[in-house]
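Chemist: My questions will all concern the structure given below.
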Amino acid sequence: MAPATEPRAALIVAHGSPSAPERPEAALSALADRVAARLSGWTVRGVTLAGHDTLKAALDTLGNQRILIYPLFMSDGWFVSRELPRRIGALRDRSFAMLSPLGLDPALHALCLDCVRRAASERDVPLEETTVLLAAHGSPSDTRPRKAAERAARFITAAGLFYAVRVGFVDEAPYLADAARLEEPALCLPFFAGRAGHVDVDLPRALAEAAFSGPILGPVGMRPEIARIVAVALAMQAARIAA
């Protein structure tokens with residue numbers, strides 16, 4: 001049997017924003033360029049599911065070679081486990097391999113910890129007096145988004161640096177507006193892959209309702225370190241396939 005060929009092409013896919021797809025599409029394209037810059041000889045594209053025919057267009061540019069699909073999602077919920085493979089499978093044969101989503105990568109959890117640690121230190125707030133509020137999407141019909149956020153929260157808690165770590169959700173209890181009612185110093189880290197309606201609208205609305213006065217950090221999925229995390233994951237998966 002001939003040895004497997006190591007993939008050298010990848011597609012990074014995010015959910016995007018159906019009502020305003022342009023900005024997320026541009027962000028994914030820019031991320032793909034940064035990832036490609038870390039992977040010599042690779043072709044990397046970025047696309048959202050909300051864009052009009054952008055998934056097909058991106059796949060067409062990658063030709064018939066075997067490709068890796070990197071889900072820029074925060075959990076392995078319905079979109080990642082069912083809908084994304086279905087859509088890609090309808091556009092090409094099975095010459096693709098799905099990676100685990102961003103939100104389940106231990107490197108992402110480490111980045112979450114680093115973000116909140118640095119944010120507290122930069123504001124001269126004692127870590128041991130500070131509560132971290134992890135704002136996440138959640139789902140009333142699927143436990144996987146909750147479990148992914150709670151896994152990241154446990155990682156932050158295990159560091160033993162902060163007074164407490166709380167998780168609040170947009171779509172399920174404990175709702176963000178309730179979890180954010182805190183008396184001690186606190187900061188909020190959005191456990192989201194990008195900016196869209198939830199981060200730009202729902203999250204600030206819920207925090208305002210709770211009179212949350214702490215800093216609100218940018219979505220962890222938009223941190224510059226994400227390009228390195230994605231590139232490492234792609235390279236490791238390609239090496240496993242070729243082994």
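Chemist: Write down the accessible area per residue of the chain in Å², having rolled a 1.4 Å probe over the full set of protein chains.
Modeler: Dividing the accessible area of the chain by its residue count gives 48 Å².
Chemist: Looking at the square roots a ≥ b ≥ c of the eigenvalues of the Cα gyration tensor of the range 187-227, which shape do they give, rounded for a/c under 1.5, prolate if a/b is larger than b/c, or oblate?
Modeler: Here the range 187-227 falls in the oblate category.
Chemist: List the trypsin sites (Lys or Arg not before Pro) within the range 130-204 that fall in a DSSP loop (any state other than H, G, I, E or B) and whose Cβ has at most 16 other Cβ atoms within 10 Å.
Modeler: Taking the range 130-204 and a limit of 16 other Cβ atoms within 10 Å, the loop trypsin sites (Lys or Arg not before Pro) found are R181.
Chemist: Evaluate the distance, in nm, between pseudo-label points positioned 7 Å from the Cα of A173 and of L127 along their respective Cα→Cβ axes.
Modeler: Here the modelled spin labels are 3.4 nm apart.
Chemist: Please report, as a whole percent, how much of the solvent-accessible surface of the range 111-211 comes from carbon and sulfur atoms (probe radius 1.4 Å).
Modeler: Here carbon and sulfur together make up 50 percent of the probe-accessible area.
Chemist: Give me the number: length gained by fully extending Q65 to E184, i.e. 0.36 nm times residue separation minus the C-alpha to C-alpha distance, one decimal in nm.
Modeler: 37.4 nm
Chemist: Show me, for the range 87-97, the HN-Hα J-couplings you get by feeding each phi into the Karplus relation (A = 6.51, B = -1.76, C = 1.60, θ = phi - 60°), rounded to Hz, glycine and proline as x.
Modeler: Each residue's phi maps through the Karplus curve to give 5, 5, x, 6, 9, 7, 6, 7, 7, 8, 10 Hz.
Chemist: Under a plain spin-label model, where a point goes 7 Å from the Cα along Cα-to-Cβ, how far apart in nm are E83 and A208?
Modeler: Placing both labels 7 Å along Cα→Cβ, they lie 2.8 nm apart.
Chemist: Who wins for biggest fluctuation among A210, A227, A149 in a Gaussian network model of the chain, springs between alpha carbons below 10 Å?
Modeler: Answer for the Gaussian network model of the chain: A210.
Chemist: Extending each Cα 7 Å along its Cβ direction at A107 and Y163, get the distance between those two points in nm, one decimal.
Modeler: 3.4
Chemist: Additional query: Net charge near E225: determine it from the other residues with C-beta under 12 Å of the C-beta of E225, scoring Lys and Arg +1 and Asp and Glu -1.
Modeler: Neighbourhood net charge equals +3.
Chemist: Calculate, for D93 and A30, the FRET efficiency according to 1/(1 + (r/R0)^6) with r their C-beta to C-beta distance and R0 51 Å; round to the nearest 0.05.
Modeler: 0.95
Chemist: Please list, ordered by chain and number, the residues whose modelled amide H lies under 5 Å from the amide H of V167; skip anything fewer than 5 residues away on the same chain.
Modeler: Under 5 Å from the amide H of V167 lie the amide H atoms of L134, each far enough along the sequence or on another chain.
Chemist: Could you put Y163, Y70 in order of accessible surface area, largest first, with the 1.4 Å probe and the full protein assembly present?
Modeler: Ranking Y163, Y70 by accessible area, largest first, yields Y163, Y70.
Chemist: From the phi angles alone, apply the Karplus equation (6.51, -1.76, 1.60; θ = phi - 60°) to the range 75-81 and give each ³J(HN,Hα) in whole Hz, x where the residue is Gly or Pro.
Modeler: 8, 9, x, 4, 4, 6, 7
The values are calculated or read from the model by the stated rules, or taken from the named source; none is laboratory data. None of these values were measured; they are calculated from a predicted model. All Cβ positions, even for glycine, are placed from backbone atoms using ideal geometry, and neighbour counts span all protein chains on display. Protein only, heavy atoms only, side chains kept; ligands, DNA and RNA dropped before computing areas. Shrake-Rupley method; radii C 1.70, N 1.55, O 1.52, S 1.80 Å.
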